[in-house]
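The values are calculated or read from the model by the stated rules, or taken from the named source; none is laboratory data. The shown structure was predicted, so the numbers you read here are calculated from the model rather than taken from an experiment. Cβ placement follows ideal geometry from the backbone for every residue including glycine, while neighbour counts extend to all protein chains displayed.
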Amino acid sequence: MTAATRSTLLALLAAAVLLGVRLGAGSLASTDDAVYAQVAREMAARGDWLEMRWMGGLIFEKPPLLFWCLRVSAALGGFSTLAIRLPSVLAGLVALLYTALLARAALPEAARRHGPALAVLLTLATVTFTMTTRRPITDPFLTAAVLATLWHGARACLAERPARHAAFTGLAAGLGVLAKSVAMGPAVLAVTLALALRRRPRALALAAVTGLLVAGPWYLVMGLRHGADFWQTALGYHVVARAGHALVGHADPAYYAVTAWEQEGALAPLLLLGALAAAWRLRRLEPPQRLALALVLATAALTALALQLSATRLFHYLMPLAPLSAVATIAALGPLAARPAVALATAALAALAFVVGPLSPHILRPDYAPESRALGEALGPAMPPDARLIIWEDYDPALIWYAARPARLWTEQPAIYALHRSIDMMRRADAVVLADADARRALIDAPEPIVAVAPLERASGLDALAREALPRRRVEVAEAANHRILRLGAHR
């Protein structure tokens with residue numbers, strides 16, 4: 001085993017240990033994390049491997065790879081926090097492996113002893129990568145697919161017999177499409193151009209056919225089952241509409257720059273400068289290294305451009321840029337990366353960034369919705385089977401997850417109602433109700449028990465509902481976990 005292989009394996013082992021620390025502790029964030037966990041649990045309850053549903057409503061905008069992995073993980077260990085987070089961590093480790101391979105491919109021979117390990121450590125030091133890797137969302141799978149596509153694509157461009165690497169290029173790209181659909185576009189475009197310019201039509205055709213065989217069947221079946229409705233949502237709503245205006249997230253043009261600085265501190269501009277310096281070094285590299293680095297830089301630039309042009313901005317969308325920037329930064333060092341002093345300084349910088357960045361709370365205290373967990377675990381088992389759960393003036397999917405039962409969001413604000421109804425999965429699940437006089441009257445007249453919860457600071461409407469219901473139903477009001485809890489029991 002060479003010294004370069006040993007250092008890379010040690011870096012990957014350290015990453016595996018750190019990413020696994022307290023992986024089953026705390027609670028899932030009350031965002032996509034809890035939504036996707038709930039989707040996987042509903043798939044498992046129905047025994048379905050094709051269609052995703054949240055609170056019974058179809059989800060067309062998300063491909064299935066994450067949910068398949070969550071189902072397999074839960075089959076082995078139940079729907080625990082550890083089982084829900086584990087698949088993303090495994091995808092993150094695959095991403096780090098290909099980060100090391102890309103760094104090795106982009107470096108001159110003399111710099112390969114430490115360079116791949118340093119690229120792994122720099123990637124792990126970013127909050128963008130490490131925090132996102134420990135979340136049950138699609139981005140870790142996308143990132144792994146992007147890096148694998150680039151590395152196998154570079155090998156397919158250079159190998160005398162490129163068929164094997166071309167097939168793996170298509171496999172990685174197809175899995176990426178099953179992870180996050182068109183977000184694979186920058187990597188696929190970069191590799192396609194490289195294969196075309198290298199005059200490898202057979203390798204390009206093999207990669208394309210393999211990718212279609214991997215990703216195509218699910219899209220084909222869903223298209224046949226649901227027709228235009230599926231395609232209008234998967235492409236029209238999720239891609240075109242979200243690129244045109246911020247259905248979720250932020251529309252601020254400076255959002256990514258500001259948030260990256262807030263999350264990463266000085267590491268963010270250092271990685272950006274590293275990527276710019278790598279672009280300047282391109283012409284000085286040998287052709288094999290130049291090709292690998294060009295693919296990395298092109299994919300990073302196209303990804304950043306697509307994110308910036310899109311109106312919807314979410315921080316975890318930046319995840320693929322973390323390893324791509326780390327590879328570029330190490331490549332920018334060039335032969336300097338072979339010097340022990342430079343390697344030691346880079347490793348120390350990565351360690352410092354890790355300690356002040358993702359270590360706390362994302363590694364040591366990954367508790368993102370403690371109140372929702374406490375409330376859900378207290379309410380869910382205590383509720384009668386036929387009881388209806390209502391979340392008043394709050395969007396809290398973690399409460400739904402930990403209560404292990406569906407809920408509806410009730411709001412008295414028409415603007416909030418319209419906003420939630422504009423989100424496809426909320427509309428299909430009929431997840432939001434406008435709490436007007438007719439809806440409140442129907443709720444009070446409903447035969448089943450009602451449990452409604454609201455954050456204390458937004459509980460005035462719930463208090464009014466309690467007063468309105470008091471003459472007709474048995475009413476109990478309590479407080480727990482910074483929430484008001486209203487129980488409507490038997491009719492008088």
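Has region 197-205 got any residue that is exposed (fewer than 13 other Cβ atoms within 10 Å of the Cβ), over 30 Å from Leu272 (Cβ atoms), touching an Asp or Glu at 6+ places or on another chain (Cβ under 9 Å) and at pLDDT 90 or above? No, there is no match, as no residue in region 197-205 is exposed (fewer than 13 other Cβ atoms within 10 Å of the Cβ), over 30 Å from Leu272 (Cβ atoms), touching an Asp or Glu at 6+ places or on another chain (Cβ under 9 Å) and at pLDDT 90 or above.
Listed here are the residues, each with its yes/no results for (1) of a type outside the set (Gly, Ala, Ser); (2) touching a residue at least 12 places away in the same chain (Cβ under 8 Å); (3) surrounded by fewer than 19 Cβ atoms within 10 Å (Cβ to Cβ).
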| position | (1), (2), (3) |
| --- | --- |
| Gly274 | no, yes, no |
| Gln289 | yes, yes, no |
| Ala294 | no, yes, no |
| Ala300 | no, yes, no |
| Thr303 | yes, yes, no |
| Leu307 | yes, yes, no |
| Leu324 | yes, yes, no |
| Ala328 | no, yes, no |
| Val342 | yes, no, yes |
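Okay, residues lined up against (1) more than 27 Å from the chain's Cα centre (by Cα); (2) over 22 Å from Leu107 (Cα atoms); (3) not assigned by TED's automatic domain parsing to the domain that holds Trp49:
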{"site": "Trp151", "(1), (2), (3)": "no, no, no"}
{"site": "Arg155", "(1), (2), (3)": "yes, no, no"}
{"site": "Leu175", "(1), (2), (3)": "no, yes, no"}
{"site": "Met184", "(1), (2), (3)": "no, yes, no"}
{"site": "Val188", "(1), (2), (3)": "no, yes, no"}
{"site": "Val191", "(1), (2), (3)": "no, no, no"}
{"site": "Leu204", "(1), (2), (3)": "yes, yes, no"}
{"site": "Leu220", "(1), (2), (3)": "no, yes, no"}
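State whether the residues of region 91-113 include one that is without any contact (Cβ under 8 Å) to a residue 12 or more places away in the chain and out of contact with any Leu (no Cβ under 6 Å at 6 or more places or on another chain). Yes, there is a match, as at least one residue in region 91-113 is without any contact (Cβ under 8 Å) to a residue 12 or more places away in the chain and out of contact with any Leu (no Cβ under 6 Å at 6 or more places or on another chain). Among the conditions (1) within 27 Å of Tyr98 (Cβ to Cβ); (2) modelled with pLDDT of 95 or more; (3) not aliphatic (A, V, I, L, M), the only one that Arg6 does not satisfy is (2).
Against the definition (of a type in the set (Lys, Arg) and within 30 Å of Ser27 (Cβ to Cβ)), how does Arg134 come out, yes or no? So Arg134 passes the test. So, Thr233, is that one in contact with a strand residue (DSSP E or B) (Cβ under 9 Å, 6 or more places away or on another chain) and of a type in the set (Val, Ile, Thr) or not? Judged against the criteria, Thr233 is a match. Inspect all residues belonging to region 328-335 and state whether any of them is touching a strand residue (DSSP E or B) at 6+ places or on another chain (Cβ under 8 Å), in the same structural domain as Val35 (by TED's automatic domain parsing), within 26 Å of Pro186 (Cβ to Cβ) and modelled with pLDDT under 95. Scanning region 328-335, I find no residue that is touching a strand residue (DSSP E or B) at 6+ places or on another chain (Cβ under 8 Å), in the same structural domain as Val35 (by TED's automatic domain parsing), within 26 Å of Pro186 (Cβ to Cβ) and modelled with pLDDT under 95, so the answer is no. Of all the residues in region 177-195, those that are under 30 Å from Tyr36 (Cα atoms) and out of contact with any Gly (no Cβ under 9 Å at 6 or more places or on another chain) number 8. Among the residues making up region 379-398, those that are at pLDDT below 95 and part of a helix (DSSP H, G or I) are Leu379, Gly380, Pro381, Ala382. The residue of region 283-318 that is farthest from Ala268 (Cα to Cα), among those that are of a type in the set (S, T, N, Q) and in a helix (DSSP H, G or I), is Gln289. Where in region 399-492 are there strands (runs of 3 or more DSSP E), lying fully within it, with 3 or more residues that are surrounded by fewer than 14 Cβ atoms within 10 Å (Cβ to Cβ)? Strands (runs of 3 or more DSSP E) meeting the threshold: 473-480. Across region 133-172, the number of residues qualifying as among the hydrophobic types (A, V, I, L, M, F, W, C) and over 17 Å from Pro323 (Cα atoms) comes to 10.
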